[in-house]
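Each remark here refers to the structure printed beneath this line.
The values are calculated or read from the model by the stated rules, or taken from the named source; none is laboratory data. The model shown is predicted, which means the values in this text are computed figures rather than measured ones. Neighbour counts run over all protein chains shown; Cβ positions are idealised from the backbone, glycine included.
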Amino acid sequence: MSALAYDGTAMAGRHLRRIRHNPGLLILTQSMPVTMLLFFGYVFGSALSHPGQEYRAFLVPGLLVATAANGIMTGMFQAAQDSHRGVTDRFRALPVSRAAVPLGQAGADLVVTAGGTVPLLLVGLAVGWRIEGSALGAAGALGLLLLFRFAMSWVGILLGLVSRSEEAAGQLGGATFVLPLLSNAYIPTGGLPGWLRTLAEWNPVSAVTTALRDLFGNAPAPSEGAWPVTHPVAGSLIWCAVLIGVFLPLAVRRYATGGR
């Protein structure tokens with residue numbers, strides 16, 4: 001096993017143990033999407049043109065992607081917490097790969113996300129959502145979802161290393177809720193004003209949400225609109241590649257140099 005793989009696995013184990021010793025935070029983050037599904041599905045669904053069950057089927061892929069987008073907030077807070085408490089400086093003094101510490105955090109977050117997706121899927125099935133496509137398409141949808149979470153984690157890790165403050169990370173993390181709101185995760189974008197619709201459709205959350213609905217067989221990709229939502233799988237993969245290609249090396253460099 002390479003040094004990076006060995007050190008990264010050790011760091012991922014450290015993050016998983018930290019999560020295990022803070023069960024309250026884990027329960028809160030995993031139960032929030034289920035709560036939002038029940039609240040949005042039964043309260044907002046009655047006020048929209050979609051019938052209740054149809055809207056809940058529309059909503060489940062959007063909530064999956066919105067939860068994945070929250071990787072920014074999780075990654076930011078954990079990285080800022082370690083920096084603020086001096087843990088990052090102590091790790092930097094150890095003879096371990098410079099990429100291992102942030103990679104371990106992103107890997108542990110991916111494991112937790114994969115486990116946390118199961119309750120949301122089960123509740124979605126209970127309220128009327130169904131996988132109407134092929135098993136291969138559904139597997140592809142889940143793989144794309146985890147890839148997007150991995151990409152968003154690196155955005156958060158970099159922001160956390162830059163802020164170096166738990167308070168700042170907590171305040172800035174609240175702003176990440178705007179990202180799913182300005183997308184097609186909760187409502188169709190067809191009724192939005194032209195400029196706002198364009199902005200929403202170029203939001204990576206919209207591309208991934210449309211891709212999941214297509215792969216799950218819930219709704220085909222639209223024939224009109226911005227390129228990422230008319231070609232959602234390709235658009236999602238490009239967005240993930242860009243986010244990882246930009247933020248992963250920047251986060252590793254920031255960790256390795258300590259901001260110098």
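Please enumerate the residues belonging to region 226-242 that are of a type outside the set (Gly, Ala, Ser), over 13 Å from residue 145 (Cα atoms) and not in a loop (DSSP other than H, G, I, E, B).
Selection gives 227, 228, 229, 230, 238, 242.
For every residue, the table says whether it meets (1) out of contact with any Gly (no Cβ under 9 Å at 6 or more places or on another chain); (2) closer than 23 Å to residue 133 by Cα; (3) modelled with pLDDT of 75 or more.
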{"site": "3", "(1), (2), (3)": "yes, no, no"}
{"site": "10", "(1), (2), (3)": "no, no, yes"}
{"site": "46", "(1), (2), (3)": "no, no, no"}
{"site": "56", "(1), (2), (3)": "no, yes, yes"}
{"site": "75", "(1), (2), (3)": "no, no, yes"}
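In region 84-98, how many residues are touching a helix residue (DSSP H, G or I) at 6+ places or on another chain (Cβ under 6 Å) and in a helix (DSSP H, G or I)?
Qualifying residue count for the region: 3.
Here is a list of conditions, (1) free of Cβ contacts under 8 Å to residues at least 12 places away in the same chain; (2) over 14 Å from residue 37 (Cα atoms); (3) in a helix (DSSP H, G or I), and residue 101 meets all of them except one; can you say which number that is?
Unmet condition: (1).
Restricting attention to region 77-98, and to residues there that are of a type in the set (A, V, I, L, M, F, W, C) and modelled with pLDDT of 85 or more, which single residue is nearest to the chain's Cα centre (by Cα)?
First, the residues of region 77-98 that are of a type in the set (A, V, I, L, M, F, W, C): 77, 79-80, 87, 91, 93-94, 96.
Subsequent filtering for residues that are modelled with pLDDT of 85 or more retains 77, 79-80.
Numbers: 77: 14, 79: 16, 80: 18 Å.
Checking each candidate, the answer is 77.
Can you tell me which of (1) in contact with a helix residue (DSSP H, G or I) (Cβ under 8 Å, 6 or more places away or on another chain); (2) surrounded by fewer than 23 Cβ atoms within 10 Å (Cβ to Cβ); (3) over 25 Å from residue 221 (Cα atoms) is the one residue 156 doesn't meet?
(2)
So residue 222 clears everything in (1) of a type outside the set (S, T, N, Q); (2) part of a loop (DSSP other than H, G, I, E, B); (3) within 25 Å of residue 78 (Cβ to Cβ) except one condition, right? Which one?
Single failed check for residue 222: (3).
What is the residue count in region 184-211 for residues that are within 20 Å of residue 72 (Cα to Cα) and not charged (D, E, K, R)?
Total meeting the criteria: 13.
Can you tell me which residues in region 16-31 are surrounded by 15 or more Cβ atoms within 10 Å (Cβ to Cβ) and modelled with pLDDT of 80 or more?
The answer is 16, and nothing else.
Within region 161-187, track down each residue that is modelled with pLDDT of 85 or more and over 20 Å from residue 145 (Cα atoms).
Hits for region 161-187 are 161, 162.
How many residues are acidic (Asp, Glu) and outside any helix (DSSP H, G or I) if we restrict to region 124-176?
The number of residues fulfilling the criteria is 1.
Name every residue in region 164-202 that is more than 20 Å from the chain's Cα centre (by Cα), surrounded by 15 or more Cβ atoms within 10 Å (Cβ to Cβ) and among the hydroxyl-bearing types (Ser, Thr, Tyr), in order of residue number.
165, 189 - these are the residues of region 164-202 that are more than 20 Å from the chain's Cα centre (by Cα), surrounded by 15 or more Cβ atoms within 10 Å (Cβ to Cβ) and among the hydroxyl-bearing types (Ser, Thr, Tyr).
Would you confirm, using the coordinates I've provided, whether residue 221 is touching a residue at least 24 places away in the same chain (Cβ under 8 Å), among the small types (Gly, Ala, Ser) and in contact with a helix residue (DSSP H, G or I) (Cβ under 9 Å, 6 or more places away or on another chain)? Talk me through it step by step, then tell me what you get.
Working: touching a residue at least 24 places away in the same chain (Cβ under 8 Å): no; among the small types (Gly, Ala, Ser): yes; in contact with a helix residue (DSSP H, G or I) (Cβ under 9 Å, 6 or more places away or on another chain): yes.
Here the answer is no, as residue 221 does not meet what is asked.
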